[in-house]
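Heads up, the thing below is written out as structure tokens.
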Amino acid sequence: MSKYFEIRWHGRGGQGTVTGAKSLAEAVQGTGKHVSAFPDYGPERRGAPLRAFNRFSDGKIRIHTPVLEPNVILIVDPTLIGAKDIEKGVNDETVFIVNTEKSPAETKKALELDGQALFTVPANKISYKLFNREIPNSAMMGAFTKACPDVISLEALLKQARHIFSHVLAEHLVDMNIEAIKCGYDEVQK
Amino acid sequence: MPKNVAITGNGAMAEAMRQINPDVVAAFPITPSTQVIEDFAKFVNDGKVDTELITVESEHSAMSACIGASAAGGRVMTATSSNGMALMWEMLYIAASMRQPVLMTLVNRAMSAPINIHCDHGDSMGARDAGWIQIYAENHQEAYDNMIMAPVIGENMDVRLPVMVCMDGFLISHSVETMQIEDDQQVSEFVGEKVPLNSLFDTDKPVSWGALDLQDYYIEHRRGQLEAMYKAKSVIEDVSKRFAEQFGRKYDLFESYRLEDAERVIVAINSVAGELKEVVDELREQGEKVGLLKIRVFRPFPYEDISKALEGCKIVTVMDRSTSMGAYGPLFGEISNALYNLEDRPLLYNRTYGLGGREMLLDDLKDVFQESKDYLNNGKVEKIFDFLKVRGA
């Protein structure tokens, strides 16, 4: 196992997955940890599968290679369930967080897991309700803090996210994204 | 106040440019360096800098504008990559030989063809004879730190040469990483003001720049330029020392990582050094005497210092992230030169890796150390030159 806390995001181009990984890194950075965030640098095409990565650590992060054995797998697009590369590097301790309206039991079965922890969150539903389109990353961040409160608490995430979003978004959009994080947190099922 | 931030490598370079607050920036966008100028353009628009930003129609014009503005006495910066720098080619030499301390962020990217936007060092290595000081960086922090030091080095009156600060495309330029941005005021004081030399604006002392210089003096001017490059070595050491005193991060001409008693050493440049340090630590825990020599300053090349640092080791693997078609790798050539005069020379060989962004995982790098172990056990090098992770080999 790596000495870093490692996350692998699986999404599709255009859903904000890379932005999600970067925002989560910035939020965790705000709590005093060292962080990194980067995607697989392939051609970026809307709708095509893509991966993004995070590393968090109390000390310096020296490596830039893709995450091979993630502590957490975030599946941002449920249509990627069953894709071959998702289960790569999974061990008994790997935690799954899946954007889906299906139950955890159904999702576990679809992913053919052997007892790993799995959390579901209807992030698309939350996103449509708030933004009227599919940008599930803020809700996914909320779900992440429910699943991994030791990495960043909901309180810390909300505080950091407000700060980060206010640099790039208009005020009402900042509020809506904060709401998306809260909904993501509240609607997690295990 | 200095602050820790999570930022992309390009963002970090734009921050360095904001703090340096140059008189003129002339640039033309090219992946993966585009964001440097994009971010800097925002600083210009928001009035955070006093810079005249010239959006030119090509990289050739970008470097031409930089040379003109520098000859007028200004502190001048630009950023580019790969084919963009190739289009500057003529002007790169002219900037250096007219002794204009232009500052460039070079985000390393593979040269076309085939078109490839990803990292290798073919662009800067191709320009190694152009007369620019070349400083390389493993990560965000080093790229930023090198850029803060660049004007102080290049504008030193014994040097007056352009400086290229290189970092890996995408791996560093586009990834977010934790680093420290220093205090604006402190950086500004460290960098100081550029002292103009024979400025075009000094109408009391009119001068011509770039005059004709044939058999009578060309060779003396070239020799003088070389002298400046030699002097740059100690200037870089002095500036790095001053930087360490002020900001606490210490840099030498190259980094020796666990070299003291190392028998097997890898020599490499830029981001792969991070992965190599991780692998060296792991192998050291298993009792293997391995080490890393990471190049920071490639021009001027510190032959004697490197020869001393590698004296006593038994085998050296040089990893080149570029090819010199028809020759061994550019870094290998230099290391070979550095080691030749040692009485007890280590075994030496060259591996080419990572062209066009081909990734090297930790296990791949362990394989490289394993090969050097096999060579050392057999007492000879089977293949002096080869590619790593390539089809058809």
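The values are calculated or read from the model by the stated rules, or taken from the named source; none is laboratory data. Remember, it's a predicted structure, so these values are computed and weren't measured experimentally. Every residue, glycine as well, gets a Cβ built from its backbone with ideal geometry; the counts of neighbours run over all protein chains shown.
One table, with the values for the structure above:
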{"item": "Yes/no for A:ILE97 being modelled with pLDDT under 95 and not basic (Lys, Arg)", "result": "no"}
{"item": "Qualifying positions in segment A:55-110 - within 14 Å of chain B (Cβ to nearest Cβ), among the basic types (Lys, Arg) and touching a residue at least 24 places away in the same chain (Cβ under 8 Å)", "result": "A:ARG55, A:LYS60"}
{"item": "Test: B:SER64 is of a type in the set (S, T, N, Q), within 30 Å of B:ILE219 (Cα to Cα), touching a His at 6+ places or on another chain (Cβ under 8 Å) and modelled with pLDDT of 95 or more", "result": "no"}
{"item": "Residue under evaluation A:THR31, criteria (1) in a loop (DSSP other than H, G, I, E, B); (2) free of Cβ contacts under 8 Å to residues at least 60 places away in the same chain; (3) touching a helix residue (DSSP H, G or I) at 6+ places or on another chain (Cβ under 9 Å); (4) more than 9 Å from chain B (Cβ to nearest Cβ), criterion not met", "result": "(2)"}
{"item": "Candidate set from segment A:34-54 (those that are aliphatic (A, V, I, L, M) and within 9 Å of another protein chain (Cβ to nearest Cβ)); member that is nearest to A:ILE86 (Cα to Cα)", "result": "A:ALA37"}
{"item": "Subset of segment B:244-281 [over 25 Å from B:ILE181 (Cα atoms), crowded, with 20+ Cβ neighbours inside 10 Å and hydrophobic (A, V, I, L, M, F, W, C)]", "result": "B:ALA262, B:VAL265, B:ILE266, B:VAL267, B:ALA268, B:LEU276, B:VAL279, B:VAL280"}
{"item": "Helices (runs of 4 or more DSSP H) lying entirely in segment B:107-210 (those with 1 or more residues that are touching a strand residue (DSSP E or B) at 6+ places or on another chain (Cβ under 7 Å), touching a residue at least 12 places away in the same chain (Cβ under 8 Å) and within 14 Å of chain A (Cβ to nearest Cβ))", "result": "B:140-154"}
{"item": "Selection within segment B:27-49 - in contact with a strand residue (DSSP E or B) (Cβ under 7 Å, 6 or more places away or on another chain) and either outside the structural domain of B:ALA86 (by TED's automatic domain parsing) or within 13 Å of B:THR105 (Cβ to Cβ) (or both)", "result": "B:ALA27, B:ILE30, B:PRO32, B:SER33, B:GLN35, B:VAL36, B:ILE37, B:PHE40"}
{"item": "Unique match (being part of a helix (DSSP H, G or I) and either on the phi > 0 side of the Ramachandran plot or in contact with a Ser or Thr (Cβ under 6 Å, 6 or more places away or on another chain) (or both)) among B:VAL44, B:VAL25", "result": "B:VAL44"}
{"item": "Filtered residue count, segment A:148-177, keeping only those that are free of Cβ contacts under 8 Å to residues at least 40 places away in the same chain and of a type in the set (Val, Ile, Thr)", "result": "2"}
{"item": "Single unsatisfied condition, A:ARG8 versus (1) assigned to a helix (DSSP H, G or I); (2) away from chain B (no Cβ under 13 Å); (3) farther than 14 Å from A:ASN99 by Cβ", "result": "(1)"}
{"item": "Evaluation of A:THR145 against (1) touching a residue at least 40 places away in the same chain (Cβ under 8 Å); (2) among the polar types (S, T, N, Q); (3) within 19 Å of A:GLY30 (Cα to Cα); (4) surrounded by fewer than 16 Cβ atoms within 10 Å (Cβ to Cβ) (one fails), failing number", "result": "(4)"}
{"item": "Single residue of segment A:1-10 satisfying the filter (modelled with pLDDT under 95 and either touching a Phe, Trp or Tyr at 6+ places or on another chain (Cβ under 8 Å) or not hydrophobic (A, V, I, L, M, F, W, C) (or both)) that is surrounded by the fewest Cβ atoms within 10 Å (Cβ to Cβ)", "result": "A:LYS3"}
{"item": "Criterion (at pLDDT 95 or above, loosely packed, with under 11 Cβ neighbours inside 10 Å and under 28 Å from the mean Cα position of the chain (by Cα)) met by exactly one of B:GLU220, B:GLU237", "result": "B:GLU220"}
{"item": "Boolean, B:GLU15 is assigned to a helix (DSSP H, G or I) and surrounded by fewer than 18 Cβ atoms within 10 Å (Cβ to Cβ)", "result": "no"}
